[in-house]
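Please read the structure below before turning to the comments.
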Amino acid sequence: MPRIALDLNDAADRQKINAQWRVAMGLVPGEPNEGLTAQLLSTPARLADYDDSGWEMCTNIRQSMSVGFTFAWYRITIVLPESLNGASLAGSRVWFETNADNYGEVWVNGQIDRSTGTIVGLNASQRVELSNSAVPGTRYVIAYLVLNGPLAEPRGGIFLRYATLAFETSN
């Protein structure tokens, strides 16, 4: 299958799908202690309808943030286009491919695929299928929770090594 991939850290590629990253620190952004509370059952930042309009615009997902044990959310809203590079995208498989330093969870439209979207290990790549048969105009909200590790002795800051939106077409 032919593959068309967009680098979601590249402004020109993001412009092709009219998308922009937003980022906010914390497990629950804006809450005291970054929202870290004992026995927290969920955080609303994962939900598709969560208001992230007050979050910082992120033009470089590779820029390291923070020191030590830290959480942050990266969010991007994607609307599938009719075509890219002259190729129709209708019916294509659509993938979000990424790698967080150090750990990450990928939530799509407020849901997580527990087999592909969850933490898989220190600096492990993740590939989450958004659609097995793309419909142009479909909207996806990707909320990516990133935290620093190893948990008992975190090093450096958090960032995304890469984030790609990939289309596998039958054309």
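Observations, loosely collected:
- Evaluation of residue 73 against the conditions (1) in contact with a helix residue (DSSP H, G or I) (Cβ under 8 Å, 6 or more places away or on another chain); (2) part of a loop (DSSP other than H, G, I, E, B) shows that the sole unmet condition is (2).
- Within the stretch 1-33, restricting attention to residues that are exposed (fewer than 15 other Cβ atoms within 10 Å of the Cβ), touching a strand residue (DSSP E or B) at 6+ places or on another chain (Cβ under 6 Å) and among the aliphatic types (A, V, I, L, M), the residue that is nearest to residue 158 (Cα to Cα) is 5.
- Looking only at residues in the stretch 79-115 that are in contact with a helix residue (DSSP H, G or I) (Cβ under 9 Å, 6 or more places away or on another chain) and hydrophobic (A, V, I, L, M, F, W, C), the one that is nearest to residue 8 (Cα to Cα) is 84.
- Residue check, residue 119 at pLDDT 95 or above, among the hydrophobic types (A, V, I, L, M, F, W, C) and under 14 Å from the mean Cα position of the chain (by Cα): no
The values are calculated or read from the model by the stated rules, or taken from the named source; none is laboratory data. Quick caveat: nothing in here was measured; it's all calculated off a predicted structure. So basically every Cβ, Gly included, is an ideal-geometry build from the backbone, and we count neighbours across all protein chains shown.
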